[in-house]
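In what follows, a single structure is set out as structure tokens and then discussed.
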Amino acid sequence: MRNPLLICTLSFLLFACNEQGNNAAGIADSSTAVSAQAAPAASVNETRENVSDKPVASFSRKVPDELNDWKFAVNVYETKQTFRFLMKMQYMELTAADTLKIPNVGMEPIVEIRPGKDAFSCIVGFLDKDKTFKEYKLVTAKDNNLSVKILHRYAAVTYEVK
């Protein structure tokens with residue numbers, strides 16, 4: 001699925017970079033030229049001083065079984081890099097790990113896990129500056145398999161128009 005905001009932003013950037021600011025005679029006037037330059041997002045320290053060994057987000061659901069204490073679980077942990085996380089997953093005896101890279105939207109990342117549509121599924125995402133949940137990855141367990149699917153891709157860049 002394409003992100004309309006990203007397309008709109010890229011369209012603006014292309015327009016801004018190609019605009020020459022012509023005067024009435026059609027001659028380029030440097031005093032009215034428009035330019036756009038990518039700048040890093042608001043400053044948040046790229047590395048963590050202290051990495052917690054406790055999950056920042058967790059989801060768990062018991063797998064019905066009379067003999068075993070099995071579960072479907074996803075836990076997200078901090079890493080040394082502020083915007084990268086480690087996702088540990090489990091379904092019965094299967095375990096797997098994946099990375100989660102959150103865009104720098106100018107604030108400390110807040111990771112959340114919400115239930116998916118199926119019994120053994122969940123959606124891993126993050127909150128943006130408006131506290132809106134952004135779906136990122138879908139984790140599912142089905143037919144003795146664990147799978148991770150990327151639902152959306154995100155990037156954050158601040159543009160300065162001069």
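The values are calculated or read from the model by the stated rules, or taken from the named source; none is laboratory data. On a predicted model such as this, the values are computed, not experimentally measured, just so you know. Backbone-built Cβ (ideal geometry, glycine too); neighbour counts: all protein chains shown. For the accessible areas, the whole protein counts, side chains as well, though only heavy atoms, and no ligand, DNA or RNA atoms are used. Shrake-Rupley method; radii C 1.70, N 1.55, O 1.52, S 1.80 Å.
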Residue ID - farthest from residue 65 (Cα to Cα), chosen from residues in segment 111-123 that are surrounded by 15 or more Cβ atoms within 10 Å (Cβ to Cβ) and not small (Gly, Ala, Ser): 111
Exclusive hit being within 24 Å of residue 63 (Cβ to Cβ), surrounded by 12 or more Cβ atoms within 10 Å (Cβ to Cβ) and within 13 Å of the chain's Cα centre (by Cα), set 100, 127, 146: 100
Any hit, segment 31-49, residues being hydrophobic (A, V, I, L, M, F, W, C), modelled with pLDDT of 95 or more, open to solvent by less than 90 Å² (accessible area, probe 1.4 Å) and more than 16 Å from the chain's Cα centre (by Cα): no
